[in-house]
Amino acid sequence: MKSEGDAVNMEPFVKMMQEVADARNVAELRGFRDRAHGEFQRRLLFTQPLEWSRQVNAWHDSMIWRIVEWAEADLCEEGHGAAPVPFAFVLFGSGGRGEQTLWSDQDNGIIYADPSSEEEKLAAEAYFPILAQKITAHLEAAGYPPCSGGVICTNHQWMQSISGYKQMLMGWLADPNWEHVRYLLIAADLRTVYGDEALGREVLDVLYSYVAAHPGMLEHMLHNTLHHKVSIGVFGQLIKERYGEDAGGVEIKYGAYIPIVNGVRLLAVEAGIRSTSTEERLQRLISDSKVEDEIGNDFLEALTIAMRLRSLTPYQLEAGHYSTRGKLSAEQLTKERMTELKLCLRIGMDLQRYVKKSVQKEMEKGE
């Protein structure tokens, strides 16, 4: 239940959302982003972590939506006309899950409808690369650096027709090596933030339908899912950074948050749950009786802790972009925070064991 203080504290958030809606250009958005960054950092102190994340991501979505809208308008003004076919601008990674931090980069793609003629095909092949370049440039100017891993709409792999996307996924499914499965798990977090949502749903249909018909795919996905280990030792001690400027600190992104996200995602794929946010996936797993209430609520508690601590990791502003190494510093590891983190990590280990057993049971059914 929200307190009266929480209701009052919504006013700055509403104002930030209105600023984005009223923005006249990307430069204004960039200025709003700096101010919003400070406001959200303050709000983290008194807002429940999952609610805070929902607010941050609603704000990110509004920023991205505005930028794509402007990019389309720019192309019209430059003589390229309107999009020749419907399209969807989609997010992957933390954006797809609705779990971006204040320093997240670009993880996105474009899916466009299949052209109905050769003329339309040529028009689409000419239009969408220009749109992708325009969107990416605007996003970077607004403070979103390109994805270092190449999951970005200017990369042809992530800018294709719906038939191209389907063929790509079927190729990965037919040859489930490590890299292909990594891409499949990236695709599982796909969420449409602008345009025709049906196109995004069609892509997910390929993945979920195939896994339902070929449950053996879950075993391939399991290896990738368990790749990142929880940052806790066999005796319950925190595994700390030994060298460098982060010495004495603890890896939060890959040692706590990502193991939880990965485990819950695989449980959701196994259950056919198409929600992309980790919180929604857990709520559905619980409500659909795929996970017992007590166990599911433990997983939610671990997610809540991991997301709050991830948002507390030190950040820096470099070349106009916010970034973080994803680690809590030694100075931040107070006694209370270490106790909280250890609880999160122990539940994270339980989650990884739970996922492994769940997939093994599914494999046994098919034998």
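The values are calculated or read from the model by the stated rules, or taken from the named source; none is laboratory data. Quick caveat, the model's predicted, so the values are computed rather than measured. All Cβ positions, glycine included, derive from the backbone under ideal geometry; neighbour counts span all protein chains shown. What goes into the accessible areas is simple: the full protein's heavy atoms, side chains included, and nothing from ligands, DNA or RNA. Shrake-Rupley method; radii C 1.70, N 1.55, O 1.52, S 1.80 Å.
Structure notes:
- Taken along its three principal axes, the alpha carbon spread of segment 129-277 comes to 50, 44, 25 Å, from the longest extent down to the shortest.
- Inter-label distance for Thr334 and His156, nm, one decimal - labels placed 7 Å from Cα along Cα-to-Cβ: 5.4 nm
- Full-stretch length increase - Asp74, Ser323 - with 0.36 nm per residue and alpha-carbon distance subtracted: 86.7 nm
- Residue-normalised accessible area of the chain, given per residue in Å² at a 1.4 Å probe: 46 Å²
- Straight Cα distances below 12 angstrom link Lys134 to the aspartates and glutamates Glu69, Glu72, Asp74, Glu78, with same-chain residues fewer than 8 positions distant left out.
- The simple Förster model, with R0 at 35 Å and r as the Cβ-Cβ distance, assigns Gln133 and Ser209 a FRET efficiency of 0.55.
- Whichever aspartates and glutamates have a C-alpha closer than 20 Å to that of Lys290, once near sequence neighbours (fewer than 8 apart) are set aside: Asp189, Glu219, Glu270, Glu279, Glu280, Asp298, Glu301, Asp350, Glu362, Glu364
- Summary value for the chain: 16 percent relative contact order, contacts being C-alpha pairs under 8 angstrom separated by 6+ residues.
- Counting only chymotrypsin sites (Phe, Trp or Tyr not before Pro) that DSSP places in a loop and that have at most 16 other Cβ atoms within 10 Å, the longest clean stretch of the chain runs over 47-234.
- Distance between modelled label sites at Asp22 and Glu119, nm, 7 Å Cα→Cβ extension: 4.5 nm
- Positive-end extreme of charge dipole, segment 267-367 - chosen from Thr278, Ala319, Leu341 (charges on Cβ): Ala319
- For the residue pairs Lys253/Lys357; Lys253/Lys365; Lys15/Lys335, the C-alpha atoms sit more than 31 angstrom apart in Lys253/Lys365; Lys15/Lys335.
- Rg(Cα)/(2.2 N^0.38 Å) for segment 217-367, N = residue count: 1.11
- Convex hull of segment 120-174 built on C-alpha atoms - directionally averaged projected area, nm²: 4.4 nm²
- Computed over segment 40-142, relative contact order equals 30 percent, with contacts defined as Cα pairs under 8 Å that lie 6+ residues apart.
- Cα centroid of segment 246-280 to Cα centroid of segment 97-119, whole Å: 21 Å
- Legend: helices of the chain (whole DSSP H runs) are marked when their alpha-carbon atoms reach 15 angstrom or more along the helix axis and their mean Kyte-Doolittle hydropathy is at least 1.0; marked are 258-271.
- For the chain, the mean residue ellipticity at 222 nm estimated from helices alone is -20000 deg cm²/dmol, where every DSSP H run of n ≥ 4 contributes -39500 (n - 2.57) and the total is divided by all residues, rounded to the nearest 500.
- Antiparallel DSSP beta bridges within segment 45-160, as percent of all bridges there, nearest 5: 60 percent
- Whole-Hz couplings from phi, Karplus 6.51/-1.76/1.60, listed for segment 233-244; x for Gly and Pro: x, 5, 9, x, 8, 5, 8, 9, 5, 9, 9, x
- The fraction of accessible area contributed by carbon and sulfur in the chain is 52 percent, rounded to a whole number (1.4 Å probe; ligands and nucleic acids excluded).
- Working from Cα pairs under 8 Å separated by at least six residues, relative contact order for segment 251-367 is 32 percent.
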